[in-house]
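K.L.:
Once you've had a glance at the structure underneath, I'll fire off some questions.
The values are calculated or read from the model by the stated rules, or taken from the named source; none is laboratory data. All of these numbers come straight from a predicted model, not from anything done at the bench. Reconstructed Cβ throughout: ideal geometry from the backbone, glycine too, with neighbour counts over all protein chains shown.
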Amino acid sequence: MQSTCKFGKNQYLFDCFLTIRDPRVGGRCTYSLLSILVIVLCGLICGCDNWKSMELLAKTRKRWLSQWIDLSEGVPSHQTLARVFSLIEPNEFERCLREWIHGLCSLFNEDVIAIDGKTTRGSFHKRSNKKATHLINAYSSRLATVMGSTVTPDKSNEIKGIPLLLKTLNIKDKIITIDAMGTPKGIAKLIRLNEAHYLLAL
C-alpha cells in the first residue's frame, strides 16, 4: 500500500516520517507505514507503554485519527504494530522523531532547554553485574517534552555526555540551563558557538 498522508500544510512536521524506509514487501501491506508510525507516535505522546494500549487508543480515537491517516481497513492490531516496528531500523525512527521535535522547537526562539541527568529506575541487574542506565536529557520547557537524550556509563561521565547531546540539538537562540556538572568552560563555549545562551549553577 502506498504511504499516503492527509496532513495539511500546517502539519508539515510529520513529513519527516515519510523518509523512513518501509522494510515490508510492496503490494502486500494492508496499512501504510506512515499510518502505523502516527498511531505509535500518538500512543507514546499519550503515555502508552505497550502495543495493546496503542491499539486501544487508536480504536478509541479512530474518527479523529482518520482525519490524518487512512484507516479504511480498520485499526492495525497490536501484533501488527509490534511486527512492523521490529523490522524498522531503530536509529531511523529515533532520527525522525528527533527531527520532528526539533522542528517544533524551531517555532519558539525564546525556549529554555534544561539539561539534566537521571538514572533509570530498575535498569540495573545484580546477577549479570549490569549497571543502571544513566540518561542525560534535554527538556524543552516550552513544549514540555524531551528533545533528545544520550546514555552515559554513570553520573560522573555527564561532563563528556553533555557536549555530545548538545551537538545533536538545534539550540540557536535558546537558553540552556545545566547544574554544576555543566560548568566546564568547554561546555559554555560550545553553547555560545551554537548562538545560544547559558545559565549554569555554581
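K.L.:
Tell me, yes or no, whether the stretch 17-35 has at least one residue that is within 16 Å of the chain's Cα centre (by Cα), exposed (fewer than 14 other Cβ atoms within 10 Å of the Cβ) and within 16 Å of F85 (Cβ to Cβ).
P.N.:
Checked against the condition, which is being within 16 Å of the chain's Cα centre (by Cα), exposed (fewer than 14 other Cβ atoms within 10 Å of the Cβ) and within 16 Å of F85 (Cβ to Cβ), the stretch 17-35 yields no hits at all.
K.L.:
Here is a further query. Please count how many residues of the stretch 139-187 are touching a helix residue (DSSP H, G or I) at 6+ places or on another chain (Cβ under 8 Å), farther than 30 Å from G47 by Cα and surrounded by fewer than 17 Cβ atoms within 10 Å (Cβ to Cβ).
P.N.:
Final tally of qualifying residues: 3.
K.L.:
Does F17 satisfy being in contact with a Cys (Cβ under 7 Å, 6 or more places away or on another chain) and either at pLDDT below 85 or outside any helix (DSSP H, G or I) (or both)?
P.N.:
yes
K.L.:
Here is a follow-up. Hey, can you tell me all the residues within the stretch 45-58 that are farther than 19 Å from L71 by Cα and surrounded by fewer than 17 Cβ atoms within 10 Å (Cβ to Cβ)?
P.N.:
I45, C46, G47, D49, N50, listed by residue number.
K.L.:
Looking only at the stretch 188-202, count how many residues are surrounded by fewer than 18 Cβ atoms within 10 Å (Cβ to Cβ), in contact (Cβ under 8 Å) with a residue 12 or more places away in the chain and not small (G, A, S).
P.N.:
Residues in the stretch 188-202 being surrounded by fewer than 18 Cβ atoms within 10 Å (Cβ to Cβ), in contact (Cβ under 8 Å) with a residue 12 or more places away in the chain and not small (G, A, S): 6 in total.
K.L.:
Residues to consider are E94, E55, E110; find the one that is assigned to a helix (DSSP H, G or I) and within 28 Å of M181 (Cβ to Cβ).
P.N.:
Result of the check over E94, E55, E110: E94.
K.L.:
From the set of residues in the stretch 41-75 that are aromatic (F, W, Y) and modelled with pLDDT under 95, which is farthest from P90 (Cα to Cα)?
P.N.:
The selected residue is W64.
K.L.:
Being outside any helix (DSSP H, G or I) and small (G, A, S) is true for just one of G103, G43, G117. Which residue is that?
P.N.:
G117 is the lone residue from the list that is outside any helix (DSSP H, G or I) and small (G, A, S).
K.L.:
Of (1) modelled with pLDDT under 90; (2) in contact with a His (Cβ under 8 Å, 6 or more places away or on another chain), K174 satisfies all except one. Which?
P.N.:
(1)
Residue-by-condition table, conditions (1) within 13 Å of I115 (Cβ to Cβ); (2) among the charged types (D, E, K, R); (3) not in a helix (DSSP H, G or I):
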position	(1), (2), (3)
P163	yes, no, no
K172	no, yes, yes
T177	yes, no, yes
M181	yes, no, no
E195	no, yes, yes
Y198	yes, no, yes
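K.L.:
Just checking, how many residues over the stretch 81-122 are β-branched (V, I, T), in contact with a Ser or Thr (Cβ under 8 Å, 6 or more places away or on another chain) and modelled with pLDDT of 90 or more?
P.N.:
Number satisfying all stated conditions: 3.
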